[in-house]
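Working notes for the structure below.
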Amino acid sequence: MSDTDSRDWRARVIAGVSRWLRQETRPLGMPRNDFERLCEQLRPADVVLVEGRTRISGIIQSVTLSSWTHAGLYVGRLDDLAAGDAVARLRDAGVPGDMPMLLEAEIGRGVHLSPITRYAREHLRLCRARELSVRDAQTVVAFALARLGAPYNLRQIGDLLRFFFPYGLLPRRWRSSLFE
């Protein structure tokens with residue numbers, strides 16, 4: 001098998017597993033938060049936690065014992081963001097300029113921008129760093145936006161899956177360095 005065939009095969013397997021992990025397993029319930037009020041309170045560099053309903057969310061919930069399985073960084077409204085390919089694509093797709101946007105990383109999609117309305121019917125929590133200045137918030141947002149388009153880091157998925165196996169039975173090279 002050539003290097004190209006090996007990479008193509010690996011990419012197909014990763015894409016297939018990613019699709020399977022992103023499939024929703026629980027029905028959409030009633031959200032336990034006031035979405036409109038949450039949107040009114042958002043400030044750049046706030047973190048929005050989401051209670052996921054996908055297979056990967058179930059794995060994360062099992063390992064972390066938390067209902068929060070996904071996080072997005074609020075970066076502001078589309079009109080406030082610096083022009084770039086992602087912003088241009090969103091404008092071309094008809095996303096309004098006053099739409100609050102989240103920067104998030106998702107398996108199979110990588111780091112991308114999403115309108116917060118995507119999570120309007122989900123269970124959300126707003127987290128804000130205490131005493132974060134406006135200047136520091138701008139620095140955080142600029143740093144995060146510089147990662148736009150980066151692939152999803154699959155290493156964390158492997159680390160999560162390792163928790164399902166007894167630590168001592170795993171070969172040393174497969175063990176997570178998390179506990180070392």
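The values are calculated or read from the model by the stated rules, or taken from the named source; none is laboratory data. None of these values were measured; they are calculated from a predicted model. Here the Cβ positions follow ideal geometry from the backbone for every residue, glycine too, while neighbour counts run over all protein chains shown. Only protein heavy atoms, including side chains, enter the accessible area calculation; ligands, DNA and RNA are left aside. Shrake-Rupley method; radii C 1.70, N 1.55, O 1.52, S 1.80 Å.
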Among the residues of region 112-128, are any under 15 Å from the mean Cα position of the chain (by Cα) and aromatic (Phe, Trp, Tyr)? yes
Check off (1) at pLDDT 90 or above; (2) farther than 22 Å from residue 41 by Cβ for residue 75 and give me the number that stays unchecked. (2)
Would region 5-26 turn up any residue that is acidic (Asp, Glu), exposed (fewer than 11 other Cβ atoms within 10 Å of the Cβ), over 14 Å from residue 127 (Cα atoms) and modelled with pLDDT under 70? yes
Could you please let me know if residue 136 is open to solvent by 30 Å² or more (accessible area, probe 1.4 Å), modelled with pLDDT of 90 or more, of a type in the set (Asp, Glu) and farther than 21 Å from residue 37 by Cβ? yes
Any chance you could count how many residues in region 90-121 are touching an Asp or Glu at 6+ places or on another chain (Cβ under 7 Å) and open to solvent by less than 30 Å² (accessible area, probe 1.4 Å)? 3
Output the residues belonging to region 105-147 that are under 14 Å from residue 75 (Cβ atoms) and in a strand (DSSP E or B). 105, 111, 112, 113, 114, 115
State yes or no: is residue 161 touching a helix residue (DSSP H, G or I) at 6+ places or on another chain (Cβ under 8 Å), at pLDDT below 90 and of a type in the set (A, V, I, L, M)? yes
